[in-house]
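Right, one structure below, let's go through it.
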Amino acid sequence: MAWRGLGSAELRGRLAQEAARIISEQGVQDYGLAKRKAAQRLGVREAGALPSNSEIETCVTEWQRIFEPESHRNRLKELRCLAVDIMTFLSPFEPRLTGSVLTGAITANFPIEIHLFTDAPEEVILKLEESGIHYRDCERRHRYSDQRISIIPGYRFTFQGERVAALVFPEKGLRQAPMSLVDRRPMPRAHRARVLAILQDTA
């Protein structure tokens, strides 16, 4: 295999680039699946050679900057503007933007991810139903820095033609973000004013 002569850092870089290509071209959302596909594609079997999720996300952003600079920039702006509208709509629940639309590592299949905060999730349901928005229940397991794991309920729906995943945390969840699956650090989150500032800075 051609990769056998590569150093470990270069091999990780090749795998990260291939995983980023798979994510960008095939719309794979699971970074773990993408890196396994990349390893299979390149014939790498050593688990220790696999890149981190953070390395892959960096390569996703770089891949888009190189191959889709204009469309990526316009698409990201469009999604962030829509995220502001969603956060305005859901303002009673202290919404925070997170995920790929915040970090910029967007691909076709990634939804706009919003964190909401209320001790009464049924109020979110009422808000959606009153606005005629059809939703589906969803939930995610999130780990925190103290190793605690919580199952967070949420709702998937379409807003102005775009897919949205809104997770509903208890009100105290505003004080502590769960760990990101990308780098195992507290998940980046931004309130509406911060997203507007980002849009202004990148205009």
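The values are calculated or read from the model by the stated rules, or taken from the named source; none is laboratory data. None of the values given here were measured: they were computed from a predicted structure. As a convention, Cβ positions derive from the backbone with ideal geometry for all residues, glycine included, and neighbour counts pool all protein chains shown.
Given the criteria at pLDDT 90 or above, more than 15 Å from Arg96 (Cα to Cα) and not polar (S, T, N, Q), does Phe157 qualify? Explain how you work it out, then say what you get.
Numbers: at pLDDT 90 or above: yes; more than 15 Å from Arg96 (Cα to Cα): yes; not polar (S, T, N, Q): yes.
Judged against the criteria, Phe157 is a match.
Collect the residues in segment 128-165 that are outside any strand (DSSP E or B) and either aromatic (Phe, Trp, Tyr) or within 17 Å of the chain's Cα centre (by Cα) (or both), keeping them in residue-number order.
Matches in segment 128-165: Tyr144 only.
Which of (1) more than 21 Å from Glu94 (Cβ to Cβ); (2) in contact with a Lys or Arg (Cβ under 9 Å, 6 or more places away or on another chain); (3) among the hydroxyl-bearing types (Ser, Thr, Tyr) is the odd one out, the single condition Thr158 does not satisfy?
Of the numbered conditions (1) more than 21 Å from Glu94 (Cβ to Cβ); (2) in contact with a Lys or Arg (Cβ under 9 Å, 6 or more places away or on another chain); (3) among the hydroxyl-bearing types (Ser, Thr, Tyr), the odd one out for Thr158 is (2).
Mind telling me which of the residues Arg75, Arg80, Arg141, Arg65 ends up being at pLDDT below 85 and basic (Lys, Arg)? Working first, answer last.
Numbers: Arg75 fails: at pLDDT below 85; Arg80 fails: at pLDDT below 85; Arg141 fails: at pLDDT below 85.
So the residue among Arg75, Arg80, Arg141, Arg65 that is at pLDDT below 85 and basic (Lys, Arg) is Arg65.
Go through (1) over 30 Å from Gln26 (Cβ atoms); (2) under 13 Å from the mean Cα position of the chain (by Cα); (3) hydrophobic (A, V, I, L, M, F, W, C) and name the single condition Ile125 misses.
Every condition holds for Ile125 apart from (2).
Checking Gly173 against (1) part of a loop (DSSP other than H, G, I, E, B); (2) small (Gly, Ala, Ser); (3) in contact with a His (Cβ under 8 Å, 6 or more places away or on another chain): exactly one of these is not met. Which one?
For Gly173, the failing item is (1).
Could you check, for segment 155-163, whether at least one of its residues is closer than 19 Å to Asp119 by Cβ and surrounded by 14 or more Cβ atoms within 10 Å (Cβ to Cβ)?
Narrowing segment 155-163 to residues closer than 19 Å to Asp119 by Cβ: 155.
Restricting the remaining residues to those that are surrounded by 14 or more Cβ atoms within 10 Å (Cβ to Cβ) gives 155.
The answer is yes; a qualifying residue exists.
Quickly run through segment 7-21 and pick out the residues that are in contact with a helix residue (DSSP H, G or I) (Cβ under 9 Å, 6 or more places away or on another chain) and either of a type in the set (S, T, N, Q) or surrounded by fewer than 22 Cβ atoms within 10 Å (Cβ to Cβ) (or both).
Selection gives Ser8, Glu10, Leu11, Arg12, Gly13, Arg14, Gln17, Arg21.
When you scan segment 166-188, do you find a residue that is among the β-branched types (Val, Ile, Thr) and closer than 24 Å to Pro69 by Cα, even just one?
Taking segment 166-188 first, the residues among the β-branched types (Val, Ile, Thr) are 168, 182.
The next check asks that each one be closer than 24 Å to Pro69 by Cα; those that pass are 182.
Yes - at least one qualifying residue is present in segment 166-188.
Residues being out of contact with any helix residue (DSSP H, G or I) (no Cβ under 7 Å at 6 or more places or on another chain) and either among the charged types (D, E, K, R) or in a loop (DSSP other than H, G, I, E, B) (or both): count how many of those fall in segment 91-112.
5
Can you say whether Asp30 is farther than 30 Å from Ser131 by Cβ and surrounded by fewer than 17 Cβ atoms within 10 Å (Cβ to Cβ), as far as the supplied structure shows?
yes
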